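Inspection log for the structure reproduced underneath, given as structure tokens.
Every number here is computed from the coordinates shown, using simple stated rules; none is lab data. None of these values were measured; they are calculated from a predicted model. Every residue, glycine among them, receives a Cβ derived from its backbone with ideal geometry; neighbour counts consider all protein chains shown.
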Amino acid sequence: MPELPEVHTVASDLKKHIVGFTIKKAAVAEKYIKITDKQQFINNVMGRTFTDVQRIAKNILVALDDGNYLHIHLAMTGQVYLLEPDQVEGRKAHVTLHLARDDDHKVLIFHDTRMFGRLVHTAPNIIDQLTGKYGTEPIARNIDMQALYQKLKNRKIAVKSILLDQHLITGLGNIYATEALYLAGIHPLTPMKNISYDKFVELMSAAKKVLEQGIKHRGSTLPDKSYVDIFGEFGTQQEHFNVYLQRKCRKCGSEISYMQLGGRGTYFCPTCQALL
Ligand SMILES: [Zn+2]
């Protein structure tokens, strides 16, 4: 499932490559349930020019020149491709947008096998709806660490569950939370209330580090190969995992332990990651 680095990669590539392009032709697959009125969607987007792309948590907002937006969420299996016109034939697509900027022609395709994600047309109030809905992003500047710690420090639940709760901390999914806990030397089951302020700061800094590294490597593509960027290329962060899907600890050589926590596969080093 795409986490912050993967969504960030898609959003920043879209910003770089589609701003200034105008939608010349649009099509929505009959079976695409997230757009109920297909003709209305087509009427709304035809002739509109993309003016900006921004990311709010794992949402991608593509601004149109009439003030409205395309709201994209990849959820589990959503994929966005930017293709040359001759690459389109035979591609699976739920939404297809033919774009042009002067003599430059591209095709933007959205496909989502499990349809938990979305690509929809939406009014400007989407920005207010999404802003404030999510917790602190570890890569944000000027985080009030004291305030965040005060909010969390009495929680009895496992610290990993805190990291995965998007209303508290945003951007970490299973992979990056697992990696951040390893870097900070904290066992995933440690109750949040047992973590000192200094240790918490260390954890947030580890979370920032793994997310930034993930962005630098254009995301993680797991063996299922479900994540690709808008050009169909894999990310390479999986080559830099310290603990996720690993067998031996890179620091101490111990065998990496595996368990299920909240239905998610969790990896940790029994020696380096102390249960506090
Ligand atoms: Zn170790």
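Here the spin labels are modelled as points 7 Å beyond Cα on the Cα-Cβ line, and at residue 258 and residue 38 they lie 4.2 nm apart. Counting Lys +1, Arg +1, Asp -1, Glu -1, what net charge surrounds residue 242 among other residues with beta carbon under 9 Å of its beta carbon? With Lys, Arg at +1 and Asp, Glu at -1, the net is +1. A cut-off under 12 angstrom between Cβ atoms defines the neighbours of residue 127, and their net charge, with Lys, Arg +1 and Asp, Glu -1, is 0. A crude spin-label estimate for the pair residue 24 and residue 193, with each label 7 Å from Cα along the Cβ direction, gives 6.4 nm. Springs between Cα atoms under 10 Å define the GNM used for the chain, and in it the highest mean-square fluctuation of 134, 244, 197 occurs at 197.
Cβ-Cβ distance of residue 251 and residue 104, R₀ of 45 Å, FRET efficiency by 1/(1 + (r/R0)^6): the value works out to about 0.35.
For the chain, modelled as a GNM whose springs connect Cα atoms under 10 angstrom apart, the maximal fluctuation among 14, 222, 203 occurs at 222.
Which entries in the list 34/199; 156/225; 38/133 go over 32 Å, if you measure between the two C-alpha atoms of each? Violating the 32 Å limit, Cα to Cα: 34/199; 156/225. Charge tally for residue 229 (other residues, Cβ to Cβ under 9 Å; Lys, Arg +1; Asp, Glu -1): -2. Largest GNM mean-square fluctuation among 161, 196, 220, using the chain with Cα springs under 10 Å: 196. Note on residue 167 and residue 233: the extension gain reaches 20.7 nm, defined as 0.36 nm multiplied by sequence separation minus the Cα-Cα distance.
For the range 31-62, the set of trypsin sites (Lys or Arg not before Pro) satisfying both a DSSP loop assignment and a count of at most 10 other C-beta atoms within 10 Å is given as 31.
Distance from the C-alpha centroid of the range 234-249 to that of the range 1-80: 30 Å, rounded to the whole angstrom.
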